[in-house]
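The structure under discussion appears below in the form of structure tokens.
Where a number appears in this text, it was derived from the coordinates with a stated rule and is not lab data. Because the structure is predicted, anything quoted here is derived from the model rather than measured. For neighbour counting, all protein chains shown are included, and Cβ atoms are generated from backbone atoms with ideal geometry for every residue, glycine included.
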Number of protein chains: 4
Amino acid sequence: MPAKKMKVQKMPLNVSIIGVTGYTGLELVRVLLTHPDVHIKYLTSRQHEDSTIGDIHPHLQGYGGLRITNTDPQTVAQDSDVVFLALPHKTAQDVVADIYGLTRIIDLSADYRLDDTATYKQYYGLNHHHPELLAKAIYGAPEFHRDAIKNADLVANPGCFALLAQLMLYPFQNTISRADIFAITGSSGAGKSASDGTHHPVRNHNIKSYNINKHRHIPEIIRTAGLKADALNFVPSSGPFTRGIFMQAFITPAKPAPYNSDTFYQGEPFIRMVDTVALANVIGSNFCDLSYSAGHGEQIIVQGALDNLVKGAAGCAVQNMNIMFGLQEETGLKNLSPVYP
Amino acid sequence: MPAKKMKVQKMPLNVSIIGVTGYTGLELVRVLLTHPDVHIKYLTSRQHEDSTIGDIHPHLQGYGGLRITNTDPQTVAQDSDVVFLALPHKTAQDVVADIYGLTRIIDLSADYRLDDTATYKQYYGLNHHHPELLAKAIYGAPEFHRDAIKNADLVANPGCFALLAQLMLYPFQNTISRADIFAITGSSGAGKSASDGTHHPVRNHNIKSYNINKHRHIPEIIRTAGLKADALNFVPSSGPFTRGIFMQAFITPAKPAPYNSDTFYQGEPFIRMVDTVALANVIGSNFCDLSYSAGHGEQIIVQGALDNLVKGAAGCAVQNMNIMFGLQEETGLKNLSPVYP
Amino acid sequence: MPAKKMKVQKMPLNVSIIGVTGYTGLELVRVLLTHPDVHIKYLTSRQHEDSTIGDIHPHLQGYGGLRITNTDPQTVAQDSDVVFLALPHKTAQDVVADIYGLTRIIDLSADYRLDDTATYKQYYGLNHHHPELLAKAIYGAPEFHRDAIKNADLVANPGCFALLAQLMLYPFQNTISRADIFAITGSSGAGKSASDGTHHPVRNHNIKSYNINKHRHIPEIIRTAGLKADALNFVPSSGPFTRGIFMQAFITPAKPAPYNSDTFYQGEPFIRMVDTVALANVIGSNFCDLSYSAGHGEQIIVQGALDNLVKGAAGCAVQNMNIMFGLQEETGLKNLSPVYP
Amino acid sequence: MPAKKMKVQKMPLNVSIIGVTGYTGLELVRVLLTHPDVHIKYLTSRQHEDSTIGDIHPHLQGYGGLRITNTDPQTVAQDSDVVFLALPHKTAQDVVADIYGLTRIIDLSADYRLDDTATYKQYYGLNHHHPELLAKAIYGAPEFHRDAIKNADLVANPGCFALLAQLMLYPFQNTISRADIFAITGSSGAGKSASDGTHHPVRNHNIKSYNINKHRHIPEIIRTAGLKADALNFVPSSGPFTRGIFMQAFITPAKPAPYNSDTFYQGEPFIRMVDTVALANVIGSNFCDLSYSAGHGEQIIVQGALDNLVKGAAGCAVQNMNIMFGLQEETGLKNLSPVYP
């Protein structure tokens, strides 16, 4: 792999998406369509071979040249400078193994996010087939691992809840006695397949929590924040809207934080410190809005919001791509301004 | 059956629901729970035997005595003064045949709404198994067939779109040259099972038409309005809300209508002639709101709204029950005032 | 006043509402309309004199006899067994003083909820004009003050956020080291007047917090829960729905609670202990749903939901009325089953 | 003016917006921010002088250089290649007169859309102050007036309802006996100021028509379609969503249409002929989706959808700018792909 990285990268990048028909793959298409340094090489799907992207996602009619194929992953990899995997976990881990070394990979599944196979098994109920690759994967939170991402061959894109929680807690890393988090997500987070939990009559005008203290994104959060497992209460909830996550954290500090949270993210292109976090202010964009304030009794009140499909998935993945290929981080992302109202 | 009808009816009525777990059965429970002359005898379901109603529909926890059984329909019928069937079409028609003569029946499925088996086959794709019962079924639109309903043994409750369209067109019956109707319905109309069309991300913030000029409720509409099949354009659409139907009709008259539409429904307990129809004004109630105005060029502009689960299903069924048993028609229904805002 | 209370109360009660045109007054009408022991005597409004209720609230057309007058409060009081005040705070306190002693009063404003004038001034920015009446007012949380309410001449109905928070915390009263609460409310909580915060484009698809640790309902909460002011963080937020409040509390206990939270509310007609709180399950009803679970690290995770206009306002007020007049507490309230979906 | 047009235009264009704080001005900023050939010169507002755009519209924090001034219109005009006016009607007409001849103008108000002052007075209730400029204004529907727009000094951007209706009817121009249209719009169409009609509790879960056959966009529609005033019924309605218009037309033809509606818009960059129009498929984009089908009885069923703030306002205005300056029409617009789900 080193060879690939050392040579001067020709632009535009040849970029492919394996598994393009879910909401994550779809959002990758939306983001990459307007990226100035990207040539979309392959969009693949097993189910929808020989369709155009407009056949599967009618709102994308009018972007005609985008044809879906069932090209095998190795061919895709050989012809691409970078490949995004928008596959379900378990499926993704084997495809990564098949193409590792042939191209640079950004995996949007959960398969390479965790360090050890035991935690993976605990949360996902599966044995990991490729533990040797876990050590090679870089966790793709740009704000924490920019340097490692630069040279990575395999980037594991963070979970949507996980990234937001980490961004909220990171200025206090290793100084937190306890964090109590309530999070509320839109229905697009559940993916493209209909289910009881996303049945419109059930979801509309409703709020309901699920998987309290059992959500799969928890190990990502505690690792970054330097929390013991039982120092976190994490209450994920479903909300009556399509896109976005709003999160409320009450932090009990153990000692003074090493950083000033107000200035901690200064210079970060997609983190906005705001007076009042409002979910609608980030929809459609790669921004993550954060606010910190002193609560009563030494507690710190932290709020955050991001679009789960953009900064929580496809946008973050493209931000990682930009870092990997030495592009300005905002490229193809800052132009996606929030669609408000 | 005559014997049953002639004897003086003891109150409260023993009332049962066969098929209580869908949204229609559920709404019947809500309405019957507060009906002063009703004793709920059986609530049956094949799938959920031995649950309470609160197990299946958690919002009904606290109404404890309601247990679901899998009692066979004939036993249910023998022990009940009236039985509501809230089953899918095709299933319903055989159950009706099994219990016809044992009790009085209000069928909320489509199976006994149409007069002839050919039309039934055309719209539902099935041979009707019990054509002999079709002639005995009374179409349960209280505003048009009150007298026949009084003595009916089998009432076929109208379709939700169908009832609203009929109420809008009926003052102009047999005088309409053409009716062009656009209708928009909430997601609860699609029932309790999740589907692609009711997936929250798809339904939220969306409007989309389906089955244009092919919807199954069309034959009910044209029969009542005295329309030739090709004098109606009916455009059903899905809207981004849970309950209710809003309907817009443009009527081209063939000759002056025999009735004054403003006073036509005077005295009807659940028809309100209003200046401006607003969907939210009927939600949760058995009201149907209507407005008539003169359009340009002799056209008549008619708008209407009802709650598809109440006046479009369970409420109308209970109104029919009230008529069948000589109760005041408002009983147990007028108390369900619209829940606004 | 004692005379009034000792005599045997004739039914139906003569009941009046002063200030009937806001959402609270409106919801009182909806609840009282179907209350079997109530005769509505006066509905008053300064602005809408001589309208019917259907003129102001078109969804109530068809409930014709209800005429709005501008009858003076003293006449209203003299002719009524009980008077509900659905007026803004500040206005309400003087009307209460005008009619105190002439009838029994249930005040839905904030004016008589707090014990002392200093706290009132701190949170509402006003001097209280009638401190002598504060001592006579009973705080109308039925679950905590049932006996006092029975004999009260003046009941101060709780704030919507406040009642829910109190119900969630009360089983742990005086044993709480800290409570961190995130609450999210529907737009009807802001009342009937349009404002920037309830402009549909702003509110739809949005979540935003406001008045963190400054909300006016805070003193009600800390008093009942036995909390020091700085042991509570209270984060009220606006949500993209019309009715209801969903609330999440993280409780840090100081010592073992004196009560078993699972059984604490046993026998309470409107408190339901549920496995999973879902906002949609209480809408339109007087239920408050609660769940308690052990979190990590000794924390207790409490969730609750109620309809802000019913259990959070009009329903609770009628529950208080039932208690005051020796009626079954469920009367006219249990029939309002949740409207779901 | 000819001089300005003849010289070779230097890129980027200096572009200004007068009146930047409403939803239309705001959306112009969103579109222009990513337009590759645009330099934003002035954003002006009387009320918000010296704010940044992020102060007024917090979702635009992070696009820092955009400062709002109260620069006088003539200075703005002199320094700009093109000026967008996003002002209320009546205000706009005088500002246009002030700067006419100093720059090229795209007016998003209604003031220069109509040909004659009598119709203007009839629909807007005002005398037009500058009738001499009416003749010079070009109606900015790109699909109908492309050539005239190219050389225009003053373009009157169409109304949102009006443009959609015209696009739906235009293939049948001068062959329509009657058109009956039902239209439903999101709340952003009402602008940024809170009002009773956009109060969230009123708008959520509601549909209600208004200004039937009186809407101000009607004269634009009938002129383009070649309809007599009383051959159109136009029923505008408010829907429970923020962005977008969905429109249903029933067309009664007088004679065969001169064009094939399926191919009529071939080559148009922003018109998509689709099988099924779905509102959600156009949100955030400059697309207008259309479907035509044969109804019963010679009727033609036409459906259409667009985003009222993009194709119905800011996007169309930028499309006009592209035409006026010889740019590819898609520039800065096709990159705004629909944000779905």
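List of remarks:
- Ellipsoid semi-axes in whole angstrom, largest first, where each is sqrt(5λ) of the Cα gyration tensor of region B:161-308: 26, 18, 13
- Taking every DSSP beta bridge that has both ends in chain A, the antiparallel portion is near 45%.
- Calculated mean residue ellipticity at 222 nm for the protein assembly as shown: -6500 deg cm²/dmol, from DSSP H runs with n ≥ 4 weighted as -39500 (n - 2.57), summed, divided by the residue count and rounded to 500.
- In summary, the aspartates and glutamates within cross-link reach of D:Lys228, defined as a Cα separation below 18 angstrom excluding same-chain residues under 8 places away, comprise B:Glu298, D:Asp115, D:Asp116, D:Asp180, D:Glu220.
- Pseudo-label separations to other copies for D:Asn70 - Cα-to-Cβ vector, 7 Å, nm: 4.1, 6.7, 7.8
- Extension gain, D:Asn174 to D:Lys136, is 11.2 nm, computed as 0.36 nm per intervening residue step minus the present C-alpha separation.
- About its Cα centre, the dipole of region C:161-308 is roughly 420 debye, where the only charges are +1 on Lys and Arg Cβ and -1 on Asp and Glu Cβ.
- Overall size of region D:270-327 from C-alpha positions, given as principal axis extents largest first: 46, 23, 15 Å.
- Dimensionless Rg ratio for chain B, taking C-alpha atoms and the 2.2 N^0.38 Å reference: 0.96
- Label-point separation in nm, B:Ala229 to D:Thr117, each point 7 Å along Cα→Cβ: 5.9
- Förster-model FRET efficiency, 56 Å R0, A:Asp196 and D:Val8, C-beta, rounded to 0.05: 0.35
- Flagged links, alpha-carbon separation over 22 Å, of C:Lys90/C:Lys334; C:Lys311/C:Lys334; D:Lys255/D:Lys311; C:Lys136/C:Lys214; C:Lys192/D:Lys311; A:Lys208/C:Lys192: C:Lys90/C:Lys334; D:Lys255/D:Lys311; C:Lys136/C:Lys214; C:Lys192/D:Lys311; A:Lys208/C:Lys192
- Dmax and Rg, reported as Rg then Dmax, of the protein assembly as shown (C-alpha, Å): 32.2, 98
- Alpha-carbon centroids, region A:239-296 and region B:270-305: separation in whole Å: 47
- For the protein assembly as shown, a crude dipole built from +1 on the beta carbon of Lys and Arg and -1 on the beta carbon of Asp and Glu, taken about the Cα centre, is about 0 debye to the nearest 20.
- Sorted from nearest, the other copies put their A:Pro88 label points 2.4, 5.6, 5.6 nm away, the label point being 7 Å from Cα in the direction of Cβ.
- Cα centroid of region B:128-185 to Cα centroid of region A:90-132, whole Å: 59
- Student exercise, chain A dipole from Lys, Arg, Asp, Glu Cβ charges, in Debye to nearest 20: 100
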